[in-house]
Amino acid sequence: MTAATALPFLSAASRAMTPIAFVKGVAAAYRRYGRDPSEALSRAHIPPDLLKRPDARVTAAQFEALCGWAMRELDDEALGWFARKMPWGAYGMLCRASVTAATLDVALRRWSRHHRILTDDVVFDLRTDGEAARLSLIENRPLDEQREFCLVTLLRYVLGYSCWAVDSAIPLRTASFPFRKPDHVSVYPTIFCKELAFDAVRAEIAFDARYLALPLKRDEADLNAMLKRALPLTVLPYRRDRLIVDRVRELLRDPHNRFFGAPELAETLALSTRTLHRRLLAEGASLRDLKEEARIELARQALVRGRSSIKRVAHAAGFRSEKSFSRAFRQWTGETPSGFRAARRPA
């Protein structure tokens, strides 16, 4: 993987958002190898005095330049995290080993298995827990001062690659870390998600397990192009979410959410209302149709299990009148509400 791939950059390259703590992590790698980081800092236009300011930030472009030079000069893509070096191209090898997988599930398991060939200091572990997939890191040796830098970057590596591979945003449900809350914690929601936990047992990200079934959309040519400059994988979030329609449909079919509008749905999905509409449109759907579909599904359930009048069912499902409900129900199911109920009534 090239220096630009999946580093913990936080925003567009023009904004100074990357914590100085990660710059110090690169400087620590130089110290480990008995080298001077001055030239690397100079090439990235980072004044050495900036490292003395705990609240300082650098831009994504600066950090990319710094890491690119450091990885080549030190010949270590892990930047001193592990007991042995990871020569230039090591993470690119992980990408190549995973890109031919049929699904994201297979790709992540390959990534985890092949990462152990490079090092077993830190091991990836992928598990499913009900509806959630959990990708965690097991530490087999102390990472000392590089711990945060290493764990954050490794999780961003694999998350950025996964989004690119399936051509979809993979929104995280939670992110946990086995160290205390850092002073620069304000950047973590941008790197990961809003639901954060510190002083946890291990570093872990959790997401909807349905993303594991998505097929990979990339080939060798795509990979070669991506590896030339992969910074956007983790700097800019994917706009396309290939499960957005399913996620909206699931929310709307919950009776407690039957009156949700676009603002409430967008907030639940951590999106803006405009982005929600845009993503649904990209998937060939509209919120209006999904809401009507959800109301019809709620009505179908009520017709099968209860004895309420058609009018009461219509109002409970959110329709203004029995007539509008009957018309919509027939359009969606090909049956009238009364005919649907009669056909499913026990003999």
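Structural remarks
- Conditions (1) surrounded by fewer than 19 Cβ atoms within 10 Å (Cβ to Cβ); (2) over 29 Å from P189 (Cβ atoms); (3) modelled with pLDDT of 95 or more; number of the one not met by S42: (3)
- Test: residue in the stretch 36-47 that is out of contact with any helix residue (DSSP H, G or I) (no Cβ under 8 Å at 6 or more places or on another chain) and assigned by TED's automatic domain parsing to the domain that holds L154: yes
- Unique residue being under 30 Å from W164 (Cβ atoms) and of a type in the set (A, V, I, L, M) when the list is I244, I310: I244
Yes/no matrix, rows are residues, columns are (1) touching a His at 6+ places or on another chain (Cβ under 8 Å); (2) modelled with pLDDT of 90 or more:
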residue: A29; (1), (2): no, yes
residue: G34; (1), (2): no, yes
residue: Q62; (1), (2): yes, no
residue: E77; (1), (2): no, yes
residue: F82; (1), (2): no, yes
residue: A97; (1), (2): yes, yes
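- Residues satisfying the stated conditions in the stretch 83-102, i.e. among the polar types (S, T, N, Q) and surrounded by fewer than 16 Cβ atoms within 10 Å (Cβ to Cβ): T100
- Residue match in the stretch 128-135 (condition: crowded, with 17+ Cβ neighbours inside 10 Å, out of contact with any Cys (no Cβ under 8 Å at 6 or more places or on another chain) and closer than 25 Å to A21 by Cα): yes
- Close pairs (7 angstrom Cβ cut-off, 6 or more residues apart or separate chains): polar (S, T, N, Q) in the stretch 276-304, buried (at least 16 other Cβ atoms within 10 Å of the Cβ) anywhere: S286/L280
- Answer residue from the stretch 301-344, given it is of a type in the set (S, T, Y) and part of a helix (DSSP H, G or I) and is farthest from the chain's Cα centre (by Cα) among those: S338
- When R116, R57, R110 are checked against the criterion of being loosely packed, with under 14 Cβ neighbours inside 10 Å and among the basic types (K, R), R116 stands alone in meeting it.
- Test for T333: is it surrounded by 13 or more Cβ atoms within 10 Å (Cβ to Cβ), polar (S, T, N, Q), more than 26 Å from F207 (Cβ to Cβ) and in contact (Cβ under 8 Å) with a residue 24 or more places away in the chain: yes
- Listing of helices (runs of 4 or more DSSP H) fully contained in the stretch 243-300 that carry 1 or more residues being over 19 Å from F329 (Cα atoms) and hydroxyl-bearing (S, T, Y): 262-268, 273-282
- In the stretch 300-330, the residues that are over 19 Å from L290 (Cα atoms) and among the hydrophobic types (A, V, I, L, M, F, W, C): L303, V304, I310
- Candidate set: the stretch 193-219, residues that are modelled with pLDDT under 90 and more than 14 Å from W164 (Cβ to Cβ); chosen: the one nearest to the chain's Cα centre (by Cα): C193
- Being closer than 24 Å to E283 by Cβ and assigned by TED's automatic domain parsing to the domain that holds L79 is a property that does not hold for C150.
The values are calculated or read from the model by the stated rules, or taken from the named source; none is laboratory data. Note that the structure is predicted; figures quoted are calculated from it, not measured. Don't worry about glycine lacking a Cβ; one is built from the backbone with ideal geometry, like all the others, and counts go over all protein chains shown.
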